[in-house]
1. Show me the ranking of peptides 179-188, 122-131 by mean Cβ neighbours inside 10 Å, starting with the highest.
2. For the range 486-627, what is the Kirkwood estimate of the hydrodynamic radius, computed as the reciprocal of the mean inverse distance between distinct Cα atoms, to one decimal in Å?
3. Provide the FRET efficiency to the nearest 0.05 for the HIS410-LYS568 pair, computing r from the beta carbons and using R0 = 60 Å.
4. On a straight-distance basis, which aspartates and glutamates could pair with LYS117 in a cross-link, Cα separation under 16 angstrom, same-chain partners fewer than 8 positions away excluded?
5. Could you pull out every one of the aspartates and glutamates with an alpha carbon less than 13 Å from that of LYS207, ignoring same-chain neighbours closer than 8 positions?
6. How large is log10 of I(q)/I(0) for the range 524-755 at q = 0.08, 0.10 Å⁻¹ when the intensity is taken from the Debye formula with one equal scatterer per alpha-carbon?
7. Eight or more residues apart or on different chains, and alpha-carbon atoms under 17 Å: count the Lys pairs in the range 524-755 matching that.
8. Short version: what are the Cα gyration tensor semi-axes of the range 386-451, square root of 5 times each eigenvalue, largest first, in whole Å?
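Throughout, read-outs are computed from the coordinates displayed, never taken from laboratory work. Note that the structure is predicted; figures quoted are calculated from it, not measured. Using ideal geometry, Cβ is built from the backbone for each residue, glycine included, and neighbour counts are taken over all protein chains shown.
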Amino acid sequence: MNKRVKGKTLRRRTKKPFNQKKQKRLGYALLAGLLFAAALVLLSLENCYVRIWSDLEQIALESIQDTTRQAADILSVELENRFVFLDNLARDIAYNPEDVRERIDRLDVYAEEYRIKRIWFMNPNGEMISNDGEEDNFSYRDYFRRSIKGEPTISGVLNDTLNPGKRINIICVPVYNASQEIIGVAGITYDAQVFRELLNIDFFQGKGLGYIVDEEGNIISMSSRAENAAAEDALPINLFSDVISDDDMSGKVEERIREWLSGRDTDGLNVVSSGHSYFCCESLENYCPTLPWFFVTEVSAETVSVKMHGLFSGMRSMLFMIALIGGLLVGCVLVIYRYHSQSLHRAAYVDPLTGGDNYASFLRRMEGTQTGYMVSAELDDLKLINGMFGTRKGNEVLRCMYESIEQHLHEDEYVACVNEDRFVFYLHEERRPPVYERLRQIERDIHRLSGRLGVLHIVPRFGVYAMREDEDIQRVCELSNLALCVARDQGETSVAFYQDIVQNSFFESLKMEDRFDAAIAEHQFKVFYQPKCNPQTGAVVAAEGLARWRQEDGTLLSPSRFIPLFEKNGEISRFDEYMFTSVCEQLSEWKKTGVQICPVSVNLSRASLCRQGVALNYKRILEGYGLSTWMVPLEVTESAMISDGEVLDVMQEFYRYGFRIEIDDFGRGQSTIPMLKLPFVDTVKLDKSLIDCIGDRKGETILRQIICLCYELGLYTTAEGVEKRDQVDFLRALECTDIQGYYFYEPMSAEKFGELLKTQKNNQQT
């Protein structure tokens, strides 16, 4: 036993050293294998470095090219819009050449809107008519000589002879009479600063610079960031001498850019590096053949490569680990490479607010698209939301709006954020009705956000353009944005189609201005009456006088088409008095014929509230028709009441004469509770946006508290825009004073309203 045991023990002792040596040799073999694998990995890394660097640089260069091309498109649209404006002006002058001065003076209101410094007309003799009354003769100028020969022309940057020290650009077109003879030149003068603002293009995290140069490289305009990068005492005046760095590569860079500017380059748009910066150039001649200008972008090499250098630095610090883990490092390299590639891509194509596509990415996705509908969208009163609830809440509202739009898009449709408050999206539809219905569904979903986000008033606006084949996508987006500008002024209608409204809106406005005096004299403005009903009984207790403009063909023009124009040209006060007088005249006629009349309120603009003696004048009109002041209450919007002391004094004067004052659109915008304690306030009209919140718990709570507060303060309440039975039931339970809306009655003519009052009187007697 002992021997066997000892034998075993001995065998174990002789075996153990053998195993240790074997394991040691195995360890050496594994280490050698790892070192060999590491060597192979290191050799592979050299090739990976080169390929990764090349791929990342290619991504950066493509984004620089895309950004340069898009910026050139934006500049071209700006120029084209001015040529369109001038063409319309030229046609208007040709239509009535004897009334040129009045035509030009009338455009003062549009000069500020289009950022135009001066609008003028000059006959072949050099006699000038301008909107600012300045006179000069520059018929000797090259741009005038070219235009008088029939060529639309834009000048370079000039010194303004009428305002020394100012730099300007001039655009002019020939004016043809009915016989196609040139009778002069129409032109606009605008500040060269306009281009500087357009050049502040947000790419590469706001570090990209932009320049407009001529054929010699002289800088015509530059982005403000480029100006800040220049010396404080003197701005650069030439791209080659003042911008391109003095290094070993500068000679080659200058040679390449001069090839672009001279037209010797036949390879198209590309990027060249000076070692310190990347430069890219796009000619503007494709958009304006008469303009020998070029757009040049500059992005510092440090900005482009900072992420790539971070990648390589990380790799160098991991080399020793790579030698041990071999194949795992290859996977790490691929992950890091993918991450940094995506980071560069996000910097160029991802919107930081929404996390979705930015405008550049949207345009890339839209390449090749033929037909469909382009939509521009924004929110009403976003600045007000930011002011009342903070920028964070405003950004949250915008993100929710983006998500609402995105949820309604199909697989082949796209949406992008254009700037801080505007979106653009594409709908792949062939007809208008489906587009309109989809937009209304998006609008309803966005309305529902009010309660969830704790914001009372979220109203989207849409501008729509029907695309045709082979249209430039950038141009299509700009046209949909023009439609959006019209949608802002349409009141309750949130959708505007370019083809219906925008194309002729400018000259329609001029025609309406010309017809205003005749419309007043011929009583073309008609008063339509929308009843206000008792929510308990449904009986008509009052009404609101609403304006309609009867056209020659018998159609009625909505007030959203002409009220903004009258507010802009200063005729709104005359119009207010006309409406007030018309209501008084109709009430007096009904009274004489035995109709049981009721109070009819009329709207009063802020401009009317600024007129001296307006309260006394309105009182005398009432007395002339034998009416009491309580018969014609005055509706004033809350925005008009939040004003200076002069307006409040005029409203106090109305109150002293016995007029009832109603706060219109309460809850739509800048609602303030202290407004309710003003002594002259009699009634609060609750805006439709508050009524639409019925059904939402938070919205109902807010509405309930407002009505209860008015009740405690002794104020009447009128709910406007009531369209549903559940809204009526809710308001009836709260004992809202009056209800106005399509649920009971839509606006009707004086004849129909008179018959309604007669019928109601007869029913009461029986």
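1. Numbers: 179-188: 18.9, 122-131: 16.5.
Ranking, from highest mean packing down: 179-188, 122-131.
2. That comes to 17.0 Å for the range 486-627.
3. Numbers: r = 40 Å, r/R0 = 0.67.
The formula returns an efficiency of 0.90 here.
4. GLU78, ASP105, ASP108, ASP132, GLU134, GLU135, ASP136, ASP160, ASP191, GLU197
5. Of all the aspartates and glutamates, those that pass the test against LYS207 - Cα under 13 Å, at least 8 places apart if same chain - are GLU227, GLU298, GLU302.
6. -0.29, -0.46
7. Number of lysine pairs found: 9.
8. Details: eigenvalues 119, 37, 16 Å².
Ellipsoid semi-axes (Å, largest first): 24, 14, 9.
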